[in-house]
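Below is one structure, written out as structure tokens; comments come after it.
The values are calculated or read from the model by the stated rules, or taken from the named source; none is laboratory data. Not measured: the values here are computed from a predicted model. Reconstructed Cβ throughout: ideal geometry from the backbone, glycine too, with neighbour counts over all protein chains shown.
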Amino acid sequence: MTAVPSTTGDQLEPIDRTITQSQVEAYAAAAGDHNPIHLDAEFAAKTPFGRRIAHGMLTLAIVSEMLTSAYPDNWASGGRLKVRFRAPVFPGESVHVSGEVTKVTEKDDARTAEIAIVVKKDDGEDVITGQAFVPVD
């Protein structure tokens, strides 16, 4: 079993994914978010984006997948996120999700890792940036 990232400088195992329109449609159905910016090509063409975009939370789910993989015992029960959505993801684009432990704090005999989170597109544009905070043993 791989050690849990708990030291400043530790890298989380990155995830690369290509977002498809069928994933966007499945997410819309699961979340009940049927905003036409995600589903209707004709409607989306008239927006400033010029085409359909993926739900931001669909992309953020990949961040949660990375954190769940790195912290299987602690992410779901005590982790939290503070992120900023910086750019849309269009169906067909790939995203690269990464994380690095930037600080470990101790308070009342509990240790918490602060992880810098970055989601980038192939061209290097930031999609999501922020921090995750996860209790570590």
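Points worth noting:
- Single unsatisfied condition, Ala41 versus (1) free of Cβ contacts under 8 Å to residues at least 24 places away in the same chain; (2) touching a strand residue (DSSP E or B) at 6+ places or on another chain (Cβ under 6 Å): (2)
- Yes/no for Ala41 being more than 16 Å from Phe133 (Cα to Cα) and either at pLDDT 95 or above or acidic (Asp, Glu) (or both): yes
- Residue within the stretch 40-61 that is hydroxyl-bearing (Ser, Thr, Tyr), more than 16 Å from the chain's Cα centre (by Cα) and under 30 Å from Asp10 (Cα atoms) present: no
- You will find that of Ala26, Ala3, Ala54, the residue that is assigned to a loop (DSSP other than H, G, I, E, B) and surrounded by fewer than 13 Cβ atoms within 10 Å (Cβ to Cβ) is Ala3 and no other.
- From the options Gly124, Gly130, Gly99, residue that is surrounded by fewer than 13 Cβ atoms within 10 Å (Cβ to Cβ) and not in a helix (DSSP H, G or I): Gly124
- For Thr68, the conditions (1) among the β-branched types (Val, Ile, Thr); (2) closer than 15 Å to Arg17 by Cβ; (3) in contact with a strand residue (DSSP E or B) (Cβ under 8 Å, 6 or more places away or on another chain) all hold with the exception of (3).
- Checked against (1) more than 13 Å from the chain's Cα centre (by Cα); (2) at pLDDT 95 or above, Ile128 passes all but condition (1).
- The residue pairs whose first member lies in the stretch 17-38 and is within 16 Å of Val89 (Cα to Cα), whose second member is at pLDDT 95 or above and in a strand (DSSP E or B), and whose beta carbons are closer than 7 Å, counting only pairs six or more residues apart or on different chains, are Arg17/Ser94; Arg17/Val95; Thr18/Ser94; Ile19/Val95.
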